[in-house]
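The next block holds one structure in the form of structure tokens; read it before the comments.
The values are calculated or read from the model by the stated rules, or taken from the named source; none is laboratory data. This structure is a prediction, so every number in the text was calculated from the model and none was measured. Cβ: placed from backbone, ideal geometry, glycine included. Neighbour counts: every protein chain shown.
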Amino acid sequence: MIRPDGARRSRRMPRLWFEGPGAGAFPFMLWERVGEICELTGRWQRAEAVYRRNLEASMGAGLAGLAAASSNSLGWVLHRRGRDAEAQSLYQRSRQLYRELGDVKGLSKTLGLLGGVCYFGGRYAQAARLYLRRLALSRRIGDIRGICAACNNLGNVAGEQGRHDASYGYYRRALDLAKQSGDLCGQANILGNIGVVHWSKGDYPAALEWFGRQAALAGRVGDKHTLCSAIANTASVWVQTGDFDRALECIERRTELARELDDSKGLSIVLDYRAQICRNRGLYPEAERWHREAIMLGERCGAKYHLCGYLLGLATLYEETGRLEEAREHNRQALAMADGIEERQVAGDCRLLALRIDAHQDRLGAVRAMRRMLAKEPDQARRAEINYWLYRLAGDGTCRAEALRLFQQLVALTPNHEYRSRIGELERGQPDSAGPAPVPVR
């Protein structure tokens, strides 16, 4: 994803040193460039130290504009390291300074940064409002890179809301603008985001093509963070298609880079992938350990969008292994979080899992509730899954036939290993004693 405060700054350096009324001269732009290089190459601790030094010098010199810029740069590195509360505080300081200075471009960038905090915290409506304000301000002053960043981030929000065509339109517009401005880092990010749209639609070959382009360009410009994103995106495809050995190759590489970058959020994602693989292979103790580590990291960095999926994965494991109270509690937490951030896919999966848990004690009541859920469910994949569980729980032959039909339609479009597993079970005509339920890959 494009850095929410926009694409990279101009490479021209018309002025390296600044001097204010409160202190002597200091090389603000030189330090800023050093911070950017450290950030690009994954030396985030060093980048944080450099940006802090610039912020302190700017404030000591009484240069409000430079202090605001330093706050944004520092906040962005903290955000990437999962410290969103600190980042948000810095962004709010910058917003106030830019308003006092009447700096429209600086204010526009800061609104985008604040939108990023809201986005990763699952507050999508608030994020969209901030991105739209950034788009309007950027258009007013003719800031191409600002327009590009706003379009990209609006595409992110549209994708999370399930509006994939709108998301794709935003990304294509952003890609055109990134090419127009010569922003290679921005292009690499957007290539990956377009791949995510194809992934969401189940078009895995197209997704892999875009992720490959993302990795190639990120590697060419030396952007480690975007390269990590491409590797994790590729791993998600292999997890979904059941090619676990290839997924683990990507996970190992991504884990190594995440630890090198001190990227808690990225590390949590690949640990959850590892947990899913272990669970699908029946390695439940290992799966539980990886799920718990992913949850711990997700809680630490406040990544609610990912965290609700991690909690659902652990709840599913507990249901499959008969630890029903633990399953119920983790599922309750996942559902509350998913409802709070309007993550409808996870919320729907949580509600179905809740009925599966209830079925252990009240099968008839759970079956009745599932039939009511089925009557209102518009999503084909979840309709297939509900029919499957009605067959499992009630032995309903009609539901078996309908589930088989729906899964066959789905697998013709999306080579998902969970769909293939369901088809095999339904064709045999006898439900397996145990079988993993799909968990969304994050």
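Points to keep in mind about this one:
- For the condition among the hydroxyl-bearing types (Ser, Thr, Tyr) and within 30 Å of residue 179 (Cα to Cα), residue 229 qualifies.
- Annotation: of all residues in the range 200-211 being at pLDDT 95 or above and either touching a Leu at 6+ places or on another chain (Cβ under 9 Å) or not in a helix (DSSP H, G or I) (or both), the one that is farthest from residue 168 (Cα to Cα) is 211.
- Subset of the range 72-107 that is of a type in the set (Gly, Ala, Ser) and under 24 Å from the mean Cα position of the chain (by Cα) - its residue that is surrounded by the most Cβ atoms within 10 Å (Cβ to Cβ): 75
- A Cβ distance below 6 Å, combined with a sequence gap of six or more or placement on separate chains, defines the contacts here; from the range 191-205, residues that are within 15 Å of residue 161 (Cβ to Cβ) reach residues that are polar (S, T, N, Q) in the pairs 197/167.
- Some residue of the range 268-284 being farther than 18 Å from residue 330 by Cβ and of a type in the set (Ser, Thr, Tyr): yes
- Meets criteria (of a type outside the set (Val, Ile, Thr) and either in a helix (DSSP H, G or I) or at pLDDT 80 or above (or both)) for residue 25: no
- Here the condition is being basic (Lys, Arg) and surrounded by 23 or more Cβ atoms within 10 Å (Cβ to Cβ); of 259, 274, 213, 220, it holds for 274 alone.
So that you can scan it fast, the table gives a plain yes or no per residue for (1) assigned to a loop (DSSP other than H, G, I, E, B); (2) among the polar types (S, T, N, Q); (3) crowded, with 22+ Cβ neighbours inside 10 Å; (4) at pLDDT below 90:
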site: 115; (1), (2), (3), (4): no, no, yes, no
site: 125; (1), (2), (3), (4): no, no, no, yes
site: 131; (1), (2), (3), (4): no, no, yes, no
site: 138; (1), (2), (3), (4): no, yes, yes, no
site: 155; (1), (2), (3), (4): no, no, yes, no
site: 158; (1), (2), (3), (4): no, no, no, no
site: 168; (1), (2), (3), (4): no, no, no, no
site: 174; (1), (2), (3), (4): no, no, yes, no
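- Exclusive hit being of a type in the set (Gly, Ala, Ser) and over 21 Å from residue 117 (Cα atoms), set 354, 338: 354
- So residue 289, is it out of contact with any helix residue (DSSP H, G or I) (no Cβ under 7 Å at 6 or more places or on another chain) and over 20 Å from residue 418 (Cα atoms): yes
Table: residues versus (1) within 27 Å of residue 402 (Cα to Cα); (2) aliphatic (A, V, I, L, M); (3) touching a helix residue (DSSP H, G or I) at 6+ places or on another chain (Cβ under 6 Å).
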{"position": "302", "(1), (2), (3)": "no, no, yes"}
{"position": "317", "(1), (2), (3)": "yes, yes, yes"}
{"position": "332", "(1), (2), (3)": "no, no, no"}
{"position": "335", "(1), (2), (3)": "no, yes, yes"}
{"position": "353", "(1), (2), (3)": "yes, yes, yes"}
{"position": "360", "(1), (2), (3)": "yes, no, yes"}
{"position": "369", "(1), (2), (3)": "yes, yes, yes"}
{"position": "374", "(1), (2), (3)": "yes, yes, yes"}
{"position": "378", "(1), (2), (3)": "yes, no, no"}
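- Scanning the range 378-393 for residues that are of a type in the set (Asp, Glu) and modelled with pLDDT under 95 yields a total of 1.
- Selection from the range 317-366 of residues that are over 21 Å from the mean Cα position of the chain (by Cα) and of a type in the set (Val, Ile, Thr): 321, 357
- Being over 26 Å from residue 417 (Cβ atoms), among the β-branched types (Val, Ile, Thr) and in contact with a helix residue (DSSP H, G or I) (Cβ under 8 Å, 6 or more places away or on another chain) is a property that holds for residue 190.
- Members of the range 140-153 that are buried (at least 24 other Cβ atoms within 10 Å of the Cβ) and small (Gly, Ala, Ser): 146, 149, 150
- Extreme residue, modelled with the lowest pLDDT, among residues of the range 57-94 that are of a type in the set (D, E, K, R) and out of contact with any Phe, Trp or Tyr (no Cβ under 8 Å at 6 or more places or on another chain): 83
- Counted residues, the range 67-112 - those being charged (D, E, K, R), more than 23 Å from residue 40 (Cβ to Cβ) and outside any helix (DSSP H, G or I): 1
- Residue, surrounded by the fewest Cβ atoms within 10 Å (Cβ to Cβ), within the range 387-425, restricted to residues that are among the hydrophobic types (A, V, I, L, M, F, W, C) and under 23 Å from residue 244 (Cβ atoms): 412
- Any chance residue 138 is small (Gly, Ala, Ser) and closer than 15 Å to residue 70 by Cα: no
- Some residue of the range 343-358 being free of Cβ contacts under 8 Å to residues at least 60 places away in the same chain, closer than 24 Å to residue 234 by Cβ and among the basic types (Lys, Arg): no
- Residues (of a type outside the set (Gly, Ala, Ser) and either within 19 Å of residue 89 (Cα to Cα) or crowded, with 22+ Cβ neighbours inside 10 Å (or both)) located in the range 46-62: 48, 50, 51, 52, 53, 54, 55, 56, 59
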